[in-house]
Amino acid sequence: MSKHFITALLMVGFIFGYSSVLANDIVTKYANQIEEQQQRIDLIDGIEDQNIRLKSNLQTQQATETYIHSVDRIVEQVLNNHLSPSSQRIDQLIRVLKLTKEVNSSNVHFYTKFSSIFSLIEKVQQIDDASRLESVLRSNVYSSLNLIAFYIDKPAAEPFFMSAARTEPAELLKHYEEIDYKPFSSKVLNEVARVAPMKIKTYLHSWNAIHQRTKVSTNRITNQVYEIFQDKGSSTRAFVLLNDIFNGTLTIDEAHNIARFDSTLFEYLISMRGRDNTLNGEHSVDEALKYQCLKHVRVINDLHEESDAVRFRSLGKFNASEIY
């Protein structure tokens, strides 16, 4: 073995060892910062004694369990999980640190809000069964999407993100950069494009990970979404008519003209929804219909002191299915 090769190996070993030490130092730093936040929370009642004293003994017990014991268990599990990359452990501790920083004298008694989040983290840390973990994540989609670092490498991640794409696409897109590097990220984004193109379009007016992945996608529906953007920009409501554009029933120009006005869009959406139980862009269609319906309901509610003939006059132009 040559001297140069041995020297190179030693250099690689030194760099790797130095990087590992540096990463461990960062992990320790965030763990210490969490402990400092716990001490601050402990002092809200004026006494540092590992008790968060509230009005009753029961509240004191539950708050202490939330802010002290539960957080201790979470941090200990992160520190002892040497199989996880340091970067992921750091991300996990940063999330816990952010949560503890949110606690102050005005909200410390709302410990049930924080206990549900910390409880979710502990469940994610403890559950190994993929289907059971997916069920736990789906039980609180918003909180789960704020805790991605705790399960991103687990088998439950992909099916959960696919489900979230259909139920909470806007919230999922807020966290997309956290999953952008994963093998399933394009699949998840394609599902959002299929279900909620109106949510995708809000990211297309600037250059970002979502715009970039949408542009280079090989998925036909995602391609159609990007074609609408290229043709009409991100301000058009033609995206909501993705189903009929994709199926060839409408051109992009026709969809754009229909969507320009509430009256024509409302009528078309009702017709489209009535003939298809499953639509591409279904989430966006239902949101648009809900918005249009609320506009008509507000008109009726604002006339609550008028006669029925006056209050419901605006519905006279609709047929039975449209009113329904």
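So here's what we get for this one:
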{"quantity": "Check on GLU158, acidic (Asp, Glu), open to solvent by 30 Å² or more (accessible area, probe 1.4 Å) and part of a helix (DSSP H, G or I)", "calculated": "yes"}
{"quantity": "1 or more residues more than 14 Å from LEU147 (Cβ to Cβ), modelled with pLDDT of 95 or more and among the acidic types (Asp, Glu): qualifying helices (runs of 4 or more DSSP H) within segment 25-123", "calculated": "71-80"}
{"quantity": "Residue check for LEU10: more than 30 Å from LYS182 (Cβ to Cβ), open to solvent by 90 Å² or more (accessible area, probe 1.4 Å) and modelled with pLDDT under 95", "calculated": "yes"}
{"quantity": "Residue within segment 128-150 that is within 24 Å of ARG53 (Cα to Cα), of a type outside the set (A, V, I, L, M) and free of Cβ contacts under 8 Å to residues at least 40 places away in the same chain present", "calculated": "no"}
{"quantity": "Top-ranked residue in segment 271-288 [being surrounded by 19 or more Cβ atoms within 10 Å (Cβ to Cβ) and assigned to a helix (DSSP H, G or I); ranked as modelled with the lowest pLDDT]", "calculated": "MET272"}
{"quantity": "Segment 73-99: number of residues that are in contact with an Asp or Glu (Cβ under 9 Å, 6 or more places away or on another chain) and without any contact (Cβ under 8 Å) to a residue 12 or more places away in the chain", "calculated": "1"}
{"quantity": "Criterion: in contact with a Pro (Cβ under 8 Å, 6 or more places away or on another chain), under 16 Å from LYS201 (Cα atoms) and either at pLDDT 90 or above or open to solvent by less than 80 Å² (accessible area, probe 1.4 Å) (or both) - qualifying residue of ILE221, ILE245, ILE252, ILE228", "calculated": "ILE228"}
{"quantity": "Qualifying positions in segment 204-218 - surrounded by fewer than 21 Cβ atoms within 10 Å (Cβ to Cβ) and of a type in the set (Ser, Thr, Tyr)", "calculated": "SER206, SER217, THR218"}
{"quantity": "Among residues of segment 81-114, those that are open to solvent by 20 Å² or more (accessible area, probe 1.4 Å) and closer than 16 Å to ILE34 by Cα, counted", "calculated": "8"}
{"quantity": "Condition check for VAL136: open to solvent by less than 40 Å² (accessible area, probe 1.4 Å), within 21 Å of ASP286 (Cα to Cα) and either of a type in the set (Val, Ile, Thr) or in contact with a His (Cβ under 6 Å, 6 or more places away or on another chain) (or both)", "calculated": "no"}
{"quantity": "Residue check for ILE210: assigned to a loop (DSSP other than H, G, I, E, B), of a type in the set (Val, Ile, Thr) and under 23 Å from GLN88 (Cβ atoms)", "calculated": "no"}
{"quantity": "Scan of segment 164-203 for residues that are open to solvent by 10 Å² or more (accessible area, probe 1.4 Å) and more than 19 Å from ASN223 (Cα to Cα), ordered by number", "calculated": "THR167, GLU168, ALA170, GLU171, LYS174, HIS175, GLU177, GLU178, TYR181, LYS182, PRO183"}
{"quantity": "Single match in GLN38, GLN50, GLN33 (criterion: within 20 Å of ASP91 (Cα to Cα) and open to solvent by 50 Å² or more (accessible area, probe 1.4 Å))", "calculated": "GLN33"}
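The values are calculated or read from the model by the stated rules, or taken from the named source; none is laboratory data. Everything numeric in this text was worked out from a predicted model, so none of it was measured. Please note: Cβ atoms are built from the backbone with ideal geometry, for glycine as well, and neighbour counts cover all protein chains shown. Just so you know, the surface numbers come from the protein's heavy atoms only, side chains and all, with ligands and any DNA or RNA stripped out. Shrake-Rupley method; radii C 1.70, N 1.55, O 1.52, S 1.80 Å.
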